[in-house]
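Below is one structure, written out as structure tokens, with a few remarks after it.
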Amino acid sequence: MGTITINVKNDVEKEFRKVVSAVHGTRKGSLGEAITEAMQKWMYEKKQEKIAEEALALLEQGFKFGKRLYKDRSELYER
């Protein structure tokens with residue numbers, strides 16, 4: 001378990017503590033649980049954004065299927 005010291009605005013801290021106490025309660029460690037949950041969600045969202053950007057970049061490159069070696073379907077089958 002790591003320790004991180006951060007500075008946040010007072011109004012953000014007060015609101016966060018209110019929400020944490022409503023959701024997780026006021027027991028020991030509830031603030032840490034909420035911070036951990038928020039950090040995990042943030043990391044997941046950033047990873048998904050990166051995946052989406054990479055997928056869009058691939059789509060913009062386009063797909064090359066090669067050229068068609070026949071003029072119409074009848075050339076595909078010998079009858």
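A few comments on the model shown:
- All told, Glu78 meets the bar of being part of a loop (DSSP other than H, G, I, E, B) and farther than 28 Å from Thr3 by Cβ.
- Residues (loosely packed, with under 12 Cβ neighbours inside 10 Å, assigned to a helix (DSSP H, G or I) and not charged (D, E, K, R)) located in the stretch 8-44: Asn10, Val12, Val19, Ala22, Val23, Met39, Gln40, Trp42, Met43, Tyr44
- Where a residue in the stretch 12-36 is under 22 Å from Met1 (Cα atoms) and modelled with pLDDT of 95 or more and its partner, wherever it lies, is of a type in the set (A, V, I, L, M, F, W, C) and not in a helix (DSSP H, G or I), with Cβ under 8 Å and at least six apart: Phe16/Val8
- Test: Lys67 is among the charged types (D, E, K, R) and farther than 27 Å from Met1 by Cβ: yes
- The requirement of being assigned to a loop (DSSP other than H, G, I, E, B) and either surrounded by fewer than 10 Cβ atoms within 10 Å (Cβ to Cβ) or at pLDDT 95 or above (or both) is fulfilled somewhere in the stretch 52-63, by at least one residue.
The values are calculated or read from the model by the stated rules, or taken from the named source; none is laboratory data. Note that this is a predicted model, so its numbers are computed, not measured. Here Cβ is always computed from backbone atoms with ideal geometry, including for glycine, and neighbour counts include all displayed protein chains.
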